[in-house]
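A.B. asks: There's a structure below that I have some questions on.
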Amino acid sequence: MNGKKLNRREILQGMLLSTGATFLPPMHLALAADHSAHEWTLEEAQRSWLSMRRPVQHVGIPGYEFQAGVLWNGALVFGPLKAARSNPGMMKELELLGNNLLHVSVGYGSPAKFVDRVGNRDAAITRGLEDGYLPIPHIQTKDGVLIWRQRFFAHLMQRSFTEGMQPREDDLLIVQVRFSVQNTSKEKTLGHLWLHMGDTSQVEFGYKAGQGNELGQSIEHSFASPYGLAGNEVRYVVPPPERGTVHWHQEIDPPQGMQSRPQRVLEWSVPLGPGEETDLMLTVPYKPVNQVVAQKLTDLNKDELFRAACAFWKSVVEGPTSIETPNAFLNDYTKAVAGQMAQQIGYRHKARVWMYKTSPNHYEMYWPCNAAKALPTLDLRGLTHYSRPVLKSFIDTQTEDFGKLTRQDMGEGALIPGEGFSRRPGFLGNFGDWTANTLLLSHGTELWALAAHYRITRDRAWLGEGPGSPLQAILDACDWMAVQRRRTMREENGKKVAHWGLLPAASAHDWLSGNTIFNDAFCIFGHIEAVRLLREIQHSRADELAQELNAYRSCLRERYREARDKSRPLPLPGGATLPYVPRDVYELDWAKTDWTYTGYGPLRAGAWGALDPQDELVDQSLAFLEAGMPKGEGTYLKLAHNSYGQPTADENFADVNAPTADRHFLWKHYVEYETMWPIGYDLFLQRDDLPRFFEWFSHNFSMVLHKEFRVGVESIDGVPSCAPGEGERWRAIRNMFVNERGGYDGSQQSLWLLQAIPQVWLKPGGRFGVKEMGTHFGGHVDLEVEVDPSGNQLRVAARLNLAILPTEIRLRLRPGNSRQKLSSVQINGRQTAILDRNTVRLPAEIKGEYKIDAQFS
């Protein structure tokens with residue numbers, strides 16, 4: 001190959017062309033055995049992607065149910081927006097808000113210019129968070145010789161930051177925006193700040209975010225300093241600034257690049273001498289308020305509130321659990337995640353339920369599956385006081401009513417053909433009017449979250465027993481699945497139906513329904529964690545439910561082996577073919593699968609133990625996705641614009657989705673188009689496939705985050721901080737250090753330490769580790785790693801304080817480059833055996849402190 005380093009696709013193509021076999025050999029075997037395989041880094045992967053165009057952050061308080069959006073160019077949005085307001089549950093809740101919709105657009109200069117309103121990556125704007133990780137966004141905009149800065153934070157009216165988790169109907173969220181301007185020149189100048197109070201008709205936080213090209217309609221308001229008046233109420237407060245004057249304009253000339261003449265606009269004009277800086281405050285309550293409340297807003301000590309906000313958020317995000325890597329961005333992100341998640345936890349007063357919302361202002365209806373998959377991240381970080389109210393609402397809403405589970409098109413379409421479901425207690429996932437889509441996915445992940453919460457916290461008093469307890473909810477959820485599976489154990493014409501022993505056909509996502517592996521895999525996922533819990537507490541039904549679990553897993557494997565054998569094989573170059581493992585036992589043509597979450601269904605089954613991660617079905621599904629589909633056949637991703645016709649960063653997927661290419665693919669470097677349910681970290685770490693894991697990790701973290709705001713999305717340039725994505729990505733980093741593996745039959749798992757540390761972190765002098773990291777064995781793990789300046793020695797300090805004993809405790813000691821070899825390891829001064837793939841075994845003890853010295857040659 002003339003010394004050229006081949007990328008994954010080139011290696012794959014070489015295998016395709018050279019094999020004479022009917023089926024392609026499992027790709028992972030070749031890569032896993034090749035220790036010289038290329039190891040991707042974040043820095044290298046970032047060069048493969050264009051950044052997203054439209055970052056969005058939010059400000060809120062844990063417990064308060066709404067959050068204000070901060071847009072990429074400094075605009076501020078108060079929702080919920082558009083369709084989210086038509087849900088019956090939301091309509092009741094909106095009685096607490098009234099007509100609160102507001103879109104504050106921010107412009108500068110004379111004439112006015114609303115910089116980068118449409119989102120074109122304008123270099124004049126930079127963004128960030130307070131200290132790099134607190135949910136206090138900053139925006140900086142360059143306007144000639146002037147630098148304008150905005151700082152946003154939220155607080156409750158006359159209540160402390162911690163009191164949000166004791167919510168009251170009269171709670172009121174207040175957003176404070178500090179504008180500052182600095183003259184960087186040596187001459188006097190005049191600054192101009194413009195504020196347009198829009199009605200939200202020109203902004204969306206939809207599947208693709210965007211703002212209209214024009215400012216659009218303003219709300220009906222006037223300004224009588226310091227109050228912005230909407231009828232008899234006050235919508236915002238602008239106290240008189242120390243410098244300059246705030247003017248009210250009924251109408252202004254069209255801003256630069258716009259056609260319409262904006263109505264009812266505020267202008268702050270401020271003279272500035274050389275190097276001078278001054279500021280202006282804008283206070284916006286989440287809803288209009290009366291004059292009495294408005295006066296209290298005017299009297300608030302904003303500086304004191306800001307200091308309190310910083311102190312509160314630091315208490316949430318800084319400890320006691322922490323992750324330290326050699327990468328500053330990852331360190332900030334692992335902290336920022338806790339703040340992102342906590343402020344999306346809110347209480348719905350009219351329905352009396354707690355939710356961890358999927359994404360503020362847009363996905364306000366409830367997707368409990370998204371909440372459930374993310375919640376254990378809070379538990380692993382020691383933030384159980386945020387997860388427990390949400391878990392309690394899982395239990396409180398458990399029911400015999402499976403809602404619209406058997407209706408197509410998010411419950412609004414025709415009845416799904418099949419056996420249907422029995423009405424019996426135990427179903428998780430029906431939140432009545434708040435439910436976005438009734439899903440088996442929610443049942444399985446809620447069950448997993450409940451069981452995982454106990455396994456992480458080991459709080460037997462919380463688990464309880466008897467009616468209304470978490471333990472009873474777990475048992476009822478398992479029994480519900482067993483009853484429903486019996487409905488499909490039937491024959492037609494003397495043969496088992498193709499979905500025999502699986503759950504009946506049900507909704508799977510927005511438009512897909514049927515007998516999908518996606519549905520069964522997640523229900524098995526929850527069942528596995530439940531059986532582990534029952535075995536650990538020595539429950540009388542543990543063996544019975546373990547047998548049920550493994551009968552279910554066996555049925556899943558057999559049904560999908562049968563479906564694979566009936567499916568159309570995927571043609572490859574040179575006449576070879578690959579077997580196709582379908583996402584539904586009745587969808588036997590690979591051309592019908594797509595880029596949605598279900599398109600990777602068999603891999604999800606392997607990632608979370610419904611199938612063994614090394615099962616041939618997982619191998620074959622992975623090979624199918626890596627091989628891609630031939631030109632002209634199968635689903636092509638339609639690269640999307642937003643609803644305003646503006647381009648998005650979907651352009652990143654053009655090269656793997658080109659109609660003229662010989663093959664097209666459903667992902668790029670293992671990054672799925674919809675990023676909030678990533679497969680890569682669990683699948684590849686459970687398979688111990690480090691080359692693939694590092695490729696997924698480097699590219700996922702290079703693309704799916706708005707780096708300046710430390711926040712992820714659902715799809716490229718889509719809704720921000722979309723659960724469970726933040727929790728999943730945090731776990732990906734955590735699992736590189738501390739990971740539970742195996743036990744897919746409900747038996748105990750092994751504990752792997754430092755399983756996937758990148759070689760780029762193992763450079764001479766490198767230091768990294770975790771502190772008080774929670775585990776599914778209960779207790780905590782501390783790891784401190786130091787690479788000797790020579791690069792030939794690695795020292796690890798490991799402290800374990802677990803509640804129960806794993807099947808084994810493995811520690812991986814990777815060399816810093818492929819030329820080195822692990823030659824000797826001492827644990828507490830005693831030589832120990834080096835096992836396969838640079839691992840050693842730590843003593844089988846639940847508590848211990850170990851000094852590990854590794855030598856490389």
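The values are calculated or read from the model by the stated rules, or taken from the named source; none is laboratory data. Everything numeric here is computed off the predicted structure, so don't read it as measured data. Reconstructed Cβ throughout: ideal geometry from the backbone, glycine too, with neighbour counts over all protein chains shown. Side chains are part of the model used for accessible areas, which takes the heavy atoms of the whole protein and leaves out ligands, DNA and RNA. Shrake-Rupley method; radii C 1.70, N 1.55, O 1.52, S 1.80 Å.
A.B. asks: For segment 438-453, state whether one or more residues are charged (D, E, K, R) and assigned to a helix (DSSP H, G or I).
C.D. replies: yes
Matching residues to (1) touching a Pro at 6+ places or on another chain (Cβ under 6 Å); (2) at pLDDT 95 or above; (3) buried (at least 20 other Cβ atoms within 10 Å of the Cβ):
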position: Leu76; (1), (2), (3): no, yes, yes
position: Ala83; (1), (2), (3): no, no, no
position: Asn87; (1), (2), (3): no, no, no
position: Glu95; (1), (2), (3): no, no, no
position: Asn99; (1), (2), (3): no, no, no
position: Ser105; (1), (2), (3): no, yes, yes
position: Ser110; (1), (2), (3): no, yes, no
position: Phe114; (1), (2), (3): yes, yes, yes
position: Arg117; (1), (2), (3): no, yes, yes
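A.B. asks: All but one of (1) touching a Cys at 6+ places or on another chain (Cβ under 6 Å); (2) within 23 Å of Leu783 (Cβ to Cβ) hold for Ala756, so report the exception by its number.
C.D. replies: It is condition (1) that Ala756 fails.
A.B. asks: Here is a follow-up. So, in segment 593-632, of the ones that are within 18 Å of Ser513 (Cβ to Cβ) and of a type in the set (D, E, K, R), which residue ends up surrounded by the most Cβ atoms within 10 Å (Cβ to Cβ)?
C.D. replies: Ranking the candidates gives Arg604 first.
A.B. asks: Right, another one. Taking segment 669-713 as the region of interest, how many residues are within 30 Å of Ile125 (Cα to Cα) and more than 18 Å from the chain's Cα centre (by Cα)?
C.D. replies: 1
A.B. asks: Can you say whether Ile846 is in contact with a strand residue (DSSP E or B) (Cβ under 8 Å, 6 or more places away or on another chain), open to solvent by less than 10 Å² (accessible area, probe 1.4 Å) and closer than 27 Å to Tyr744 by Cβ, as far as the supplied structure shows?
C.D. replies: When the stated conditions are applied, Ile846 does not pass them.
A.B. asks: Something else about it: Of (1) closer than 30 Å to Gly766 by Cβ; (2) open to solvent by 20 Å² or more (accessible area, probe 1.4 Å), Trp313 satisfies all except one. Which?
C.D. replies: (2)
A.B. asks: Right, something else. Could you tell me which residue of segment 82-137 is farthest from His192 (Cα to Cα), considering only residues that are among the hydroxyl-bearing types (Ser, Thr, Tyr) and not in a loop (DSSP other than H, G, I, E, B)?
C.D. replies: Looking at the filtered set, the residue picked out is Thr126.
A.B. asks: Right, something else. For segment 266-298, give me each residue that is touching a residue at least 24 places away in the same chain (Cβ under 8 Å) and assigned to a helix (DSSP H, G or I).
C.D. replies: Hits for segment 266-298 are Gln291, Val293, Ala294, Lys296, Leu297, Thr298.
A.B. asks: Can you tell me which residues in segment 500-510 are open to solvent by 10 Å² or more (accessible area, probe 1.4 Å) and either out of contact with any helix residue (DSSP H, G or I) (no Cβ under 9 Å at 6 or more places or on another chain) or at pLDDT 95 or above (or both)?
C.D. replies: Initially, segment 500-510 is screened for residues open to solvent by 10 Å² or more (accessible area, probe 1.4 Å), giving 500, 509-510.
Scanning segment 500-510 gives Trp500, Asp510.
A.B. asks: All but one of (1) part of a strand (DSSP E or B); (2) in contact (Cβ under 8 Å) with a residue 40 or more places away in the chain; (3) not hydrophobic (A, V, I, L, M, F, W, C) hold for Lys142, so report the exception by its number.
C.D. replies: (2)
A.B. asks: Same structure, new question: Looking at Arg532, Arg557, Arg568, Arg564, which one is among the basic types (Lys, Arg), open to solvent by 10 Å² or more (accessible area, probe 1.4 Å) and assigned to a loop (DSSP other than H, G, I, E, B)? Explain how you work it out, then say what you get.
C.D. replies: Details: Arg532 fails: assigned to a loop (DSSP other than H, G, I, E, B); Arg557 fails: assigned to a loop (DSSP other than H, G, I, E, B); Arg564 fails: assigned to a loop (DSSP other than H, G, I, E, B).
It is Arg568.
A.B. asks: Moving to a separate point now. Within segment 417-435, can one find any residue that is open to solvent by 50 Å² or more (accessible area, probe 1.4 Å), among the aliphatic types (A, V, I, L, M) and in a loop (DSSP other than H, G, I, E, B)?
C.D. replies: We begin by selecting, within segment 417-435, every residue open to solvent by 50 Å² or more (accessible area, probe 1.4 Å); these are 417-418, 423-425, 433.
When the remaining residues are screened for being among the aliphatic types (A, V, I, L, M), the result is none.
No; the residues of segment 417-435 include none that is open to solvent by 50 Å² or more (accessible area, probe 1.4 Å), among the aliphatic types (A, V, I, L, M) and in a loop (DSSP other than H, G, I, E, B).
A.B. asks: Which ones in segment 228-276 are surrounded by fewer than 12 Cβ atoms within 10 Å (Cβ to Cβ) and at positive phi?
C.D. replies: Within segment 228-276, Gly231, Gly275 qualify.
A.B. asks: Something else about it: Residues being open to solvent by 40 Å² or more (accessible area, probe 1.4 Å) and either in a strand (DSSP E or B) or touching a Ser or Thr at 6+ places or on another chain (Cβ under 8 Å) (or both): count how many of those fall in segment 213-222.
C.D. replies: Total satisfying the criteria: 3.
A.B. asks: Looking at the structure I just gave you, is Glu651 assigned to a helix (DSSP H, G or I) and either open to solvent by 10 Å² or more (accessible area, probe 1.4 Å) or in contact with a strand residue (DSSP E or B) (Cβ under 6 Å, 6 or more places away or on another chain) (or both)? Lay out the reasoning, then the answer.
C.D. replies: Working: assigned to a helix (DSSP H, G or I): yes; either open to solvent by 10 Å² or more (accessible area, probe 1.4 Å) or in contact with a strand residue (DSSP E or B) (Cβ under 6 Å, 6 or more places away or on another chain) (or both): yes.
Criteria met by Glu651.
A.B. asks: Then there's this: Going through segment 160-182 one residue at a time, which ones are of a type outside the set (A, V, I, L, M, F, W, C) and surrounded by 19 or more Cβ atoms within 10 Å (Cβ to Cβ)? Steps first, answer last, please.
C.D. replies: Our first condition is that a residue be of a type outside the set (A, V, I, L, M, F, W, C); within segment 160-182, this holds for 160, 162-164, 166-171, 176, 178, 180, 182.
Scanning segment 160-182 gives Gly164, Pro167, Asp171, Gln176.
A.B. asks: Moving to a separate point now. I'm told Ala372 meets every condition in (1) in contact with an Asp or Glu (Cβ under 6 Å, 6 or more places away or on another chain); (2) over 30 Å from Asp717 (Cβ atoms) except one. Can you identify the failing condition by its number?
C.D. replies: With respect to (1) in contact with an Asp or Glu (Cβ under 6 Å, 6 or more places away or on another chain); (2) over 30 Å from Asp717 (Cβ atoms), Ala372 is out only on (2).
A.B. asks: Now a separate question. How many of the residues in segment 387-410 are touching a residue at least 60 places away in the same chain (Cβ under 8 Å) and open to solvent by less than 10 Å² (accessible area, probe 1.4 Å)?
C.D. replies: Here the count works out to 4.
A.B. asks: Regarding Asp782, is this residue under 19 Å from Gly766 (Cα atoms) and within 31 Å of the chain's Cα centre (by Cα)?
C.D. replies: Considered against the rule, which asks whether it is under 19 Å from Gly766 (Cα atoms) and within 31 Å of the chain's Cα centre (by Cα), Asp782 comes out as yes.
A.B. asks: For segment 332-362, give me each residue that is open to solvent by less than 10 Å² (accessible area, probe 1.4 Å) and either at positive phi or aromatic (Phe, Trp, Tyr) (or both).
C.D. replies: At the first step, the residues of segment 332-362 found to be open to solvent by less than 10 Å² (accessible area, probe 1.4 Å) are 333-334, 336-346, 348, 355-361.
Answer for segment 332-362, where residues must be open to solvent by less than 10 Å² (accessible area, probe 1.4 Å) and either at positive phi or aromatic (Phe, Trp, Tyr) (or both): Tyr333, Tyr356, Asn361.
A.B. asks: For segment 363-386, which positions are surrounded by fewer than 22 Cβ atoms within 10 Å (Cβ to Cβ) and among the hydrophobic types (A, V, I, L, M, F, W, C)?
C.D. replies: Leu383, the sole residue that qualifies.
Yes/no matrix, rows are residues, columns are (1) part of a strand (DSSP E or B); (2) on the phi < 0 side of the Ramachandran plot; (3) at pLDDT 95 or above; (4) among the hydroxyl-bearing types (Ser, Thr, Tyr):
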residue: Ile804; (1), (2), (3), (4): no, yes, yes, no
residue: Arg837; (1), (2), (3), (4): no, no, yes, no
residue: Val840; (1), (2), (3), (4): yes, yes, yes, no
residue: Glu845; (1), (2), (3), (4): no, yes, yes, no
residue: Glu849; (1), (2), (3), (4): yes, yes, yes, no
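A.B. asks: In addition: Looking at Glu318, is it free of Cβ contacts under 8 Å to residues at least 60 places away in the same chain, closer than 30 Å to Gly779 by Cα and surrounded by 14 or more Cβ atoms within 10 Å (Cβ to Cβ)?
C.D. replies: Working: free of Cβ contacts under 8 Å to residues at least 60 places away in the same chain: yes; closer than 30 Å to Gly779 by Cα: yes; surrounded by 14 or more Cβ atoms within 10 Å (Cβ to Cβ): yes.
The answer is yes for Glu318.
A.B. asks: A further question follows. If you scan segment 270-322, which residues turn out to be of a type in the set (Asp, Glu) and over 38 Å from the mean Cα position of the chain (by Cα)? Steps first, please.
C.D. replies: Keep residues of segment 270-322 that are of a type in the set (Asp, Glu), which gives 276-277, 279, 299, 303-304, 318.
Answer for segment 270-322, where residues must be of a type in the set (Asp, Glu) and over 38 Å from the mean Cα position of the chain (by Cα): Glu276, Glu277, Asp299.
A.B. asks: Report, ordered by the first and then the second residue, all pairs with beta carbons closer than 6 Å, sequence separation of six or more or different chains, a first member in segment 611-638 that is over 19 Å from Ala551 (Cα atoms), and a second member that is aliphatic (A, V, I, L, M) and surrounded by fewer than 17 Cβ atoms within 10 Å (Cβ to Cβ).
C.D. replies: These pairs meet every condition: Glu633/Ala591; Gly634/Ala591.
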